[in-house]
Amino acid sequence: MSPDVLTAPSAYGPADFARDFAATEAQLADLAWFETMVVETNAVMNLVGPATLPAFWSRHVLDSAQLLKLAPDALTWADLGAGAGFPGVVLAILLKVRPGGHVHLVDSLTKRCRFLERVVEDLELPATVHNSRAEDLRLKVDIVTARACAPMDRLLGFARPYLSQGSTGLFLKGENAEQELNEARKSWSFDAELLPSLSDQRGRVVRIRRLSRAK
């Protein structure tokens with residue numbers, strides 16, 4: 001991984017991503033089109049913070065794609081609170097070439113689901129958009145994930161139907177990840193592992209297994 005990812009994230013671009021993830025020209029084209037759609041739609045609907053767009057490839061693409069390095073054999077994913085499509089759309093683009101790969105994009109906001117449906121249709125992604133509250137679905141997947149969805153104690157409630165069916169949780173969190181885990185332990189019992197983020201030296205990926213209510 002290039003040190004520029006951490007020292008100059010805005011300089012990280014398609015060539016860097018292709019090097020780090022062996023991305024194909026078709027995948028890079030899909031990701032570039034997705035960037036255009038996010039930028040255009042963000043002007044009329046709040047998808048991501050405008051200040052993050054100049055660092056799109058590090059802040060959003062790399063941040064999302066790093067999950068595949070942590071679960072390289074996982075084929076089925078559920079992205080809770082999918083919003084702008086991070087990490088779910090990025091994962092679906094990279095899983096297009098893998099037989100059986102599929103991503104469930106779950107969001108309760110209808111207008112965001114319409115955006116995601118357009119992306120899925122235009123890019124012919126192996127993905128399904130669910131306009132629903134995450135906790136109301138019972139999807140059996142290999143990995144359940146989320147980014148900027150909710151504090152960990154609430155997020156575990158959203159993810160419980162998936163984790164209870166054997167899914168592993170991989171949640172993208174910021175520098176307060178450990179504090180969020182400590183708060184969540186007041187309500188939940190779980191095995192957790194904090195992993196470094198490739199896109200932000202302050203960030204963490206939280207791996208969760210064996211979730212139950214605290215006694």
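The values are calculated or read from the model by the stated rules, or taken from the named source; none is laboratory data. Since we're looking at a predicted model, the values are computed, not measured. Note that each Cβ is placed from the backbone with ideal geometry, even for glycine, and that neighbours are counted across all protein chains shown.
For the reader, a short list of remarks on this structure follows.
- Evaluation of residue 121 against (1) surrounded by fewer than 18 Cβ atoms within 10 Å (Cβ to Cβ); (2) closer than 30 Å to residue 25 by Cβ; (3) in contact with a Cys (Cβ under 6 Å, 6 or more places away or on another chain) (one fails), failing number: (3)
- Applying the criterion of being part of a strand (DSSP E or B) and in contact (Cβ under 8 Å) with a residue 24 or more places away in the chain to the residues of region 194-204, the residue that is surrounded by the fewest Cβ atoms within 10 Å (Cβ to Cβ) is 195.
- The condition of being out of contact with any Pro (no Cβ under 7 Å at 6 or more places or on another chain), under 22 Å from residue 201 (Cβ atoms), among the aliphatic types (A, V, I, L, M) and assigned to a loop (DSSP other than H, G, I, E, B) holds for residue 48.
- Subset of region 51-100 (residues that are assigned to a loop (DSSP other than H, G, I, E, B), more than 25 Å from residue 152 (Cβ to Cβ) and of a type in the set (A, V, I, L, M, F, W, C)): 75, 97
- Pair list, Cβ under 8 Å, 6 or more apart: region 47-67 residue in contact (Cβ under 8 Å) with a residue 12 or more places away in the chain and closer than 18 Å to residue 81 by Cα, other residue in a helix (DSSP H, G or I) and among the small types (Gly, Ala, Ser): 64/88
- Yes/no for residue 103 being of a type in the set (A, V, I, L, M), closer than 21 Å to residue 163 by Cα, under 16 Å from the mean Cα position of the chain (by Cα) and surrounded by 19 or more Cβ atoms within 10 Å (Cβ to Cβ): yes
Residue by residue, here is whether (1) among the β-branched types (Val, Ile, Thr); (2) out of contact with any His (no Cβ under 9 Å at 6 or more places or on another chain); (3) over 24 Å from residue 202 (Cβ atoms) holds:
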| site | (1), (2), (3) |
| --- | --- |
| 97 | yes, yes, yes |
| 111 | no, yes, yes |
| 118 | no, yes, yes |
| 139 | no, no, yes |
| 154 | no, yes, no |
| 167 | no, yes, yes |
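- Residue within region 137-152 that is closer than 18 Å to residue 103 by Cβ, of a type in the set (Gly, Ala, Ser) and part of a helix (DSSP H, G or I) present: no
Residue-by-condition table, conditions (1) within 21 Å of residue 71 (Cβ to Cβ); (2) modelled with pLDDT of 95 or more; (3) loosely packed, with under 13 Cβ neighbours inside 10 Å:
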| site | (1), (2), (3) |
| --- | --- |
| 160 | yes, yes, no |
| 167 | yes, yes, no |
| 170 | yes, yes, no |
| 175 | no, no, yes |
| 181 | yes, yes, no |
| 187 | no, yes, no |
| 192 | yes, yes, no |
| 206 | yes, yes, no |
